[in-house]
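All of the numbers you see were taken from the coordinates with simple rules; none came from a lab. Just so it is clear, the structure is predicted and the values come from calculations on it, not from any experiment. As a convention, Cβ positions derive from the backbone with ideal geometry for all residues, glycine included, and neighbour counts pool all protein chains shown.
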Amino acid sequence: MKKIIILLLLTNVVFAQKIAKIDSGTINGAKYRILFPENWKGKLVMYAHGYEFMGAKPLQSQNPEWLKRMSPFLERGFAVAASDYAYQGFALPQGVDDTEALRQYFVKKYNKPDSTFMVGHSMGGGVSVATIENFGANYNGALPMCPLSSRPYLQCRKEFDIYATFNGLFPGVVTSLSDIFDLSKPYQAQNSRNMLAKAKEIKQAIFKKDSALAVAFAKRFDLKVDDLPFSLFFNENVLRDIAQKAGGNPFDNTNTLYSGFPNDLEVNQKAERLKATVNPDVIFKKYDRTGEINKPVVFLHTIYDQLIPPTYGVVNFENMVHQKGKDQYFTVKYTNGQGHCNFTAQQTGKAFDELRTWVKTGVKNNAGFID
């Protein structure tokens with residue numbers, strides 16, 4: 001433990017030496033942080049963070065790990081501005097608004113940058129996509145990484161369907177959907193520190209019941225079986241959060257016909273079924289996906305992602321872009337990373353450099369692998 005603490009302190013010192021100035025404060029109830037490197041060249045990266053459990057601490061921009069993630073941009077002479085959003089949990093629309101408010105503050109205080117790029121991870125990648133769709137005139141390009149880039153309803157509905165089918169095949173292992181969406185019960189997000197212990201319990205229970213079925217079930221949802229328990233733990237928090245913010249259940253699977261399992265008849269007969277109690281537009285309509293982009297956008301994605309599989313992170317949005325006839329503004333880079341947002345600083349830097357070159361030359365870079 002002592003070695004870990006010393007390493008963190010040294011890490012902070014290293015990054016502190018590169019940062020000449022930090023501007024922090026609050027805008028419309030959202031804390032923000034702006035980092036200026038010593039070699040600031042009048043260029044700006046607006047950064048959007050990913051999903052945080054309600055009540056999670058520290059806020060993402062205060063976490064030393066965030067400094068490490070921002071190093072590829074700081075090293076290239078870019079200032080980095082990030083909002084912590086006015087609230088945690090599912091905050092994609094709020095993230096767009098708070099990021100735009102911060103950008104306006106930056107321009108007013110420090111003048112318009114020579115160039116501005118939108119960057120984000122996970123849900124923040126979704127914020128990046130929505131920002132380019134709705135405020136693209138303010139940006140030169142965007143780098144969404146492992147982004148929530150499908151329609152938010154579809155991405156979250158996937159989590160709902162995992163629970164509905166899992167509870168049918170492995171009853172009693174995790175919380176039922178009816179309990180998750182029961183607003184009469186006090187809401188409390190699960191503690192992320194309990195994730196390892198809870199995941200271990202879930203894995204033991206499903207392997208005890210039917211290990212072969214567990215493997216097949218995980219594969220149906222593009223998961224490795226070892227990642228299934230973690231996915232269930234994470235998704236329960238997401239669904240509970242959505243229930244609170246929407247004021248009920250925005251999903252309805254009473255007419256859903258599930259397929260792709262070893263025994264589809266069994267799954268459909270046993271799946272937990274719920275009717276929607278609120279209109280999904282309540283939480284998902286604002287800044288819904290359109291595919292309407294007019295600036296260069298480079299997607300960076302791992303080949304395997306246990307939270308946002310490539311089908312949801314790339315393919316769905318690619319189809320929307322194609323339908324809008326905007327293919328000239330979209331390209332995808334992928335790595336051999338095995339996990340959600342599992343990129344190296346070098347991979348992030350390479351993707352960002354390719355985006356900048358595309359913007360500078362006007363020549364679209366080729367899609368493909370980044371090592």
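Here are a few things to note about the model shown:
- Ranking of 176, 184 by count of other Cβ atoms within 10 Å, fewest first: 184, 176
- Extension gain for the segment residue 108 to residue 63, taken as residue separation times 0.36 nm less the Cα-Cα distance, is 13.5 nm to one decimal.
- Here the label points at residue 101 and residue 281, each 7 Å from Cα along the C-beta direction, are separated by 2.5 nm in the simple model.
- Spatially proximal lysines relative to residue 326 (Cα-Cα < 30 Å; intrachain offsets below 8 disregarded): 43, 112, 158, 285, 286, 295, 350, 360, 364
- Normalised contact order of the chain, rounded percent, pairs of Cα under 8 Å and 6 or more residues apart: 16 percent
- Per-residue extension of 0.36 nm, minus the Cα-Cα distance of residue 315 and residue 256, leaves a gain of 19.0 nm for this segment.
- Just so you know, the Rg over Rh for the chain is 0.97, from Cα atoms, with Rh as the Kirkwood radius.
- Each Cα pair under 8 Å and six or more residues apart adds its separation to the average, and for segment 18-175 the resulting relative contact order is 23 percent.
- Helix-only mean residue ellipticity at 222 nm for the chain, each DSSP H run of n ≥ 4 adding -39500 (n - 2.57), per residue, nearest 500: -14000 deg cm²/dmol
- When the chain is treated as a Gaussian network with alpha carbon springs shorter than 10 Å, the biggest mean-square fluctuation among 49, 340, 322 belongs to 322.
- Per residue, the convex hull around the alpha carbon atoms of segment 152-283 comes to 104 Å³.
- Around the Cα centre of the chain, unit charges on the Cβ atoms of Lys, Arg, Asp and Glu (plus for the first two, minus for the last two) sum to a dipole of about 900 debye.
- Qualifying lysines (Cα of each under 20 Å from Cα of residue 31; at least 8 residues distant if same chain): 21, 57, 68, 108, 109
- For the chain, the share of DSSP beta bridges that are antiparallel, to the nearest 5, is 30%.
- When cysteine pairs in the chain are screened for C-beta atoms closer than 4.7 angstrom, the residues that find no partner are 156.
- Annotation: peptides 120-130, 341-351, ranked by per-residue average of other Cβ atoms within 10 Å with the highest first, follow the order 120-130, 341-351.
- Comparing 150, 83, 71 in a Gaussian network model of the chain (Cα springs below 10 Å), the most mobile by mean-square fluctuation is 71.
- Kyte-Doolittle at least 1.0, axis length at least 20 Å by Cα - qualifying DSSP helices, the chain: 2-18
- For residue 184 and residue 56, the FRET efficiency from 1/(1 + (r/R0)^6), where r spans their Cβ atoms and R0 equals 35 Å, is about 0.90.
- Sorted fewest first by neighbouring Cβ atoms within 10 angstrom, 146, 156 come out as 156, 146.
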